[in-house]
Amino acid sequence: MLPRPLRLVKREDFRKVFQSGKSVANREFVCYTLHNPEVERFRLGVSVSKKIGKAVVRNRVKRLVREVVRVHFMDKLPDHTDLVIIARIPAGTLDFHGVRKSLGHLFWKGKIVR
């Protein structure tokens, strides 16, 4: 589980990232990033639409994304950054390794990882 200080939870924070941040996308995910000098490390928010599936599927996708970031990208993501990851419809069928591969590609494509 991603620690509470590393999570983006307020609607207002999500809105700032969407309006002022830069985006990069692949088939399964879209990632918005915004430099935020107020935070010490990075903060991550995950958004999953009802189009992906019922609550069980949506919550599973959110858990997988948070766990992949915690295990594989925690030390590689830049400090002072807010990230919002939006899941697209194909993300509902991915397993842990599929999410890892897709997020790795997304972070590489957007030059997000250090």
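The values are calculated or read from the model by the stated rules, or taken from the named source; none is laboratory data. Treat the numbers as computed from the prediction; the structure is a model and nothing was measured. Virtual Cβ from ideal backbone geometry, glycine too; neighbours counted across all protein chains shown. For the accessible areas, the whole protein counts, side chains as well, though only heavy atoms, and no ligand, DNA or RNA atoms are used. Shrake-Rupley method; radii C 1.70, N 1.55, O 1.52, S 1.80 Å.
Could you tell me which residue out of VAL69, VAL30, LEU2 lies farthest along the dipole of the chain toward its positive end? Charges go on the beta carbon: Lys and Arg +1, Asp and Glu -1, centred on the Cα centre. Going by the Cα projections, it comes out as VAL30. Computed as a quarter of the hull surface, the mean projected area of the alpha carbon convex hull for the stretch 33-81 stands at 3.9 nm². Taking amide hydrogens as placed 1.01 Å from N in the peptide plane, the amide H of GLY110 sits under 5 Å from that of no residue at least 5 positions away in sequence or on another chain.
Projected label points at TRP108 and ARG41, each 7 Å from Cα along the beta carbon direction, are separated by 2.5 nanometres. For the chain, the share of DSSP beta bridges that are antiparallel, to the nearest 5, is 60%. Given DSSP loops and a limit of at most 12 other Cβ atoms within 10 Å, what is the longest stretch of the chain that contains no such GluC sites (Glu not before Pro)? Counting at most 12 other Cβ atoms within 10 Å as exposed, the longest clean stretch of the chain is 41-114.
Taking only protein heavy atoms and a 1.4 Å probe, what accessible area per residue, in Å², does the chain have with all protein chains in place?
Values: 6990 Å² over 114 residues.
Accessible area per residue: 61 Å².
Of the residues ILE52, PHE42, PHE14, the one whose Cα sits farthest toward the positive end of the charge dipole of the chain, with +1 on the Cβ of Lys and Arg and -1 on the Cβ of Asp and Glu, is ILE52. With each label modelled as a point 7 angstrom along the Cα→C-beta vector, the MET74-ARG4 pair spans 1.8 nm.
Net charge of the neighbourhood of HIS97, taken over other residues with C-beta under 13 Å away and scored Lys/Arg +1, Asp/Glu -1, is -1. When you restrict to C-alpha pairs under 8 Å that are six or more residues apart and normalise by the size of the chain, the relative contact order lands at 36 percent.
Relative contact order for the stretch 9-75 using alpha-carbon pairs under 8 Å, separation at least 6, rounded to a whole percent?
Working: 32 pairs, mean separation 13.0, N = 67.
Relative CO of the stretch 9-75 lands at 19 percent.
The angle between the Cα long axis of helix 55-68 and the longest principal axis of the Cα atoms of the chain comes to about 50 degrees, rounded to the nearest 10. Only DSSP H runs of four or more residues enter the estimate; each adds -39500 (n - 2.57), and after division by the residues of the chain the mean residue ellipticity at 222 nm equals -10500 deg cm²/dmol.
Pairwise alpha-carbon distances in the stretch 51-114 exceed 17 Å for 38% of all pairs. At the listed q of 0.11, 0.16, 0.21 Å⁻¹, the Debye profile of the chain, built from one uniform point per Cα, gives log10 I(q)/I(0) equal to -0.30, -0.66, -1.21. Using a 1.4 Å probe over the heavy atoms of the protein chains, calculate the carbon and sulfur portion of the accessible area of the chain as a whole percent. Carbon-and-sulfur percentage of accessible area, whole number: 51. Think of each Lys and Arg Cβ as +1 and each Asp and Glu Cβ as -1; about the Cα centre, that makes the dipole of the stretch 1-80 roughly 560 debye. Distance between the modelled labels on PHE18 and ILE89, one decimal in nanometres: 2.0 nm (7 Å Cα→Cβ projection).
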